[in-house]
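Structure first, then comments.
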């Protein structure tokens, strides 16, 4: 048994239509695979309650939240969001936000924690975009600030798409370092300015990706964060329908381990979130996301001389 806590809810599912490009079943499938193989014990899985509206208002406008809840988004807003509105979508969004908030609180205690959703980095204060209704990491950062649990934050975003909403939210917040490593020619067409953006050419493969990431990590460590939020993303995968990069499943696993060892070796608490993934075969997306949790277990609890804690606080 470890001190590890992973947050998951069956309410992470929403009815968006079985033919939608967003694989909404992946959250449940990842949980099921990890439990079935014994990577996750049932007592390591915690179900979050919906996030309070007051937490959401730390980032999002009252107008947007009220219209989202009431189902009053305009047709243009729904097109930009890319998901059909439903009560289950709102419920899912409130639960997923809470999962990241709770994982952040636990990471500060245990050294590492995970949300089996989240990474919704395209959401802006007044709107959703790119399948992202609410910005979970941004809300979690503001909650930790309000509760005076952390002062300096590092967001490592390795999703194939730039974290434009997150970059915009924190553009005037020097205490939050936003690092996005993404496809140069991929969505969004018009990029925001992160603290550090690294743009990659189409079909960039494992070796180049890992070399670039490995060179960047010591630079962003100079920010001296109190906590790291990691958006893994399964969509840099070579067979992702929305990806355009060329990483293999093994390369993405090595990417995860590189980031996780960086946090562990520098004694910085870390939160993992899932972010995007749209492989032609959903089983590939599930495997990539499952590998992130397997890497957490390996790096924080397998390579650390069997210690239950990730490190001494």
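Annotations for the structure displayed:
- Every condition in (1) touching a strand residue (DSSP E or B) at 6+ places or on another chain (Cβ under 6 Å); (2) surrounded by fewer than 24 Cβ atoms within 10 Å (Cβ to Cβ); (3) in contact (Cβ under 8 Å) with a residue 24 or more places away in the chain holds for residue 124 except the one numbered (1).
- Residue tally, condition over 13 Å from residue 180 (Cα atoms), surrounded by 15 or more Cβ atoms within 10 Å (Cβ to Cβ) and in contact with a helix residue (DSSP H, G or I) (Cβ under 7 Å, 6 or more places away or on another chain), over segment 210-227: 2
- Flag: residue 76 does not match the condition of being closer than 20 Å to residue 121 by Cα, modelled with pLDDT of 95 or more, surrounded by fewer than 20 Cβ atoms within 10 Å (Cβ to Cβ) and touching a strand residue (DSSP E or B) at 6+ places or on another chain (Cβ under 6 Å).
- Selection of segment 1-11 for residues being modelled with pLDDT of 95 or more and surrounded by 13 or more Cβ atoms within 10 Å (Cβ to Cβ) yields 4, 5, 6, 7, 8, 9, 11.
- Residue in segment 27-47 that is farther than 26 Å from residue 299 by Cβ and either surrounded by fewer than 20 Cβ atoms within 10 Å (Cβ to Cβ) or touching a helix residue (DSSP H, G or I) at 6+ places or on another chain (Cβ under 9 Å) (or both) present: no
- Scope segment 150-174; condition part of a loop (DSSP other than H, G, I, E, B) and free of Cβ contacts under 8 Å to residues at least 60 places away in the same chain; matching residues: 162, 170, 171, 172, 173, 174
- Residue in segment 238-252 that is surrounded by fewer than 24 Cβ atoms within 10 Å (Cβ to Cβ) and within 13 Å of residue 213 (Cα to Cα) present: yes
- Single residue of 99, 118 found to be closer than 17 Å to residue 48 by Cα, in a loop (DSSP other than H, G, I, E, B) and in contact with a strand residue (DSSP E or B) (Cβ under 6 Å, 6 or more places away or on another chain): 118
- Test: residue 86 is in contact (Cβ under 8 Å) with a residue 12 or more places away in the chain and surrounded by fewer than 24 Cβ atoms within 10 Å (Cβ to Cβ): yes
- Residue count, segment 22-47 (criterion: farther than 28 Å from residue 280 by Cα and in a helix (DSSP H, G or I)): 3
- One residue stands out among those in segment 12-24 that are surrounded by 15 or more Cβ atoms within 10 Å (Cβ to Cβ) and more than 13 Å from residue 115 (Cβ to Cβ): the one that is farthest from the chain's Cα centre (by Cα), which is 16.
- So residue 67, is it surrounded by fewer than 18 Cβ atoms within 10 Å (Cβ to Cβ), more than 11 Å from residue 273 (Cα to Cα) and touching a helix residue (DSSP H, G or I) at 6+ places or on another chain (Cβ under 7 Å): no
- Qualifying positions in segment 128-175 - under 16 Å from residue 188 (Cα atoms), out of contact with any helix residue (DSSP H, G or I) (no Cβ under 6 Å at 6 or more places or on another chain) and surrounded by fewer than 24 Cβ atoms within 10 Å (Cβ to Cβ): 130, 131, 167, 168
- Failed condition for residue 263, given (1) surrounded by fewer than 19 Cβ atoms within 10 Å (Cβ to Cβ); (2) in a helix (DSSP H, G or I); (3) modelled with pLDDT of 95 or more: (1)
- Which listed residue is buried (at least 21 other Cβ atoms within 10 Å of the Cβ), closer than 27 Å to residue 110 by Cβ and in contact with a helix residue (DSSP H, G or I) (Cβ under 6 Å, 6 or more places away or on another chain), from 295, 279: 295
- Of the criteria (1) modelled with pLDDT of 95 or more; (2) closer than 27 Å to residue 130 by Cα, which one residue 207 fails: (2)
The values are calculated or read from the model by the stated rules, or taken from the named source; none is laboratory data. Note that this is a predicted model, so its numbers are computed, not measured. FYI the Cβ positions are ideal-geometry reconstructions off the backbone, even for glycines, and counts take in every protein chain you see.
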